[in-house]
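Shown next, in structure tokens, is the structure this report addresses.
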Amino acid sequence: MTKRLFDSHTHLNSEELLEDIDGVTERIRESELRYVMNVGFDLESSRLAVKQARQYEWCYAAVGCHPHDVKGMREEDLEQFRILAEDPKVRAIGEIGLDFYYDNSPRELQRQWFRKQLSFARQLRMPVIIHDRDAHEETMEILKEENAFETGVLLHCYSGSAEMARQYVKLGAMLSIPGTITFKKAKKQIQVVEAVPLSHLLIETDAPYLTPEPFRGRRNEPAYVRYTAQKVADILGISYEHLAEATCENAMRFFGIGEKEKDASRG
Ligand code: NI
């Protein structure tokens, strides 16, 4: 069986990874990692994500504004995101959502821009990558009200309950599991992995953040997604190969990657 990994959420466009970009990309090429989704968090990082996606064959991009950064957004920036989203390697709008843990932007502004970007994604018929921290109920409510599930929803770094995970699966959403699943106190996340059918699971690094064991405390990078894959496989009692291939295929399907004719016609 082939072994292919897909890091469904990473930030090659972050300062931390840019510092060592040649090393980071070389270790991606040497690994079983076949694809990465390089995610924007504001206009500048989205531009860079697209540029890198053009540069590296295995790299795709998502463009959007993180709830932390919406305080710096201007109405006319949406037009810039629209232009970026025309690139054939852009496969999602994200990361967008609500963060009521850090509250780096006023909540009312977070809500407004979350809705605006969901409606934007719907116009473009593109799936969305969602960041939700301490705003579980409201995130789901807004996603429903904005009909986001019609074009695809990926809960990045999912931190809600197993019960809510089941509701998301019923709505057709995908849930992505980060490196924190390898930590000793990951009981809640383990329950989520057990509650979600394999067909709805993805794995991610969120590099440079959330470094898995055995590298916890150091800078994360996409090649480390293998540790998350191994841990999730162990929880489910399936082989590493099976888990790697299934989550890779899930991500390819979600982002519309590998459908050759579609790629060619868009390119
Ligand atoms: Ni992220």
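Every number in this text was worked out from the coordinates using simple rules, so none of it is lab data. These numbers were taken from a predicted model, which means no experiment stands behind them. As a convention, Cβ positions derive from the backbone with ideal geometry for all residues, glycine included, and neighbour counts pool all protein chains shown.
In table form, for the structure just shown:
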quantity	calculated
Distance violations [Cα-Cα > 28 Å] among Lys170/Lys231; Lys89/Lys116; Lys3/Lys116; Lys144/Lys231; Lys51/Lys71; Lys71/Lys184	Lys3/Lys116; Lys144/Lys231; Lys71/Lys184
For the stretch 5-266, alpha-carbon Rg relative to the globular expectation (2.2 N^0.38 Å, N residues)	0.92
Amide H within-cut-off set for Leu202, under 5 Å, with H built and near neighbours excluded	Leu175, Ser176, Ile177
Where labels lie 7 Å past Cα in the beta-carbon direction, separation of Gln123 and Ile238 in nm	3.9
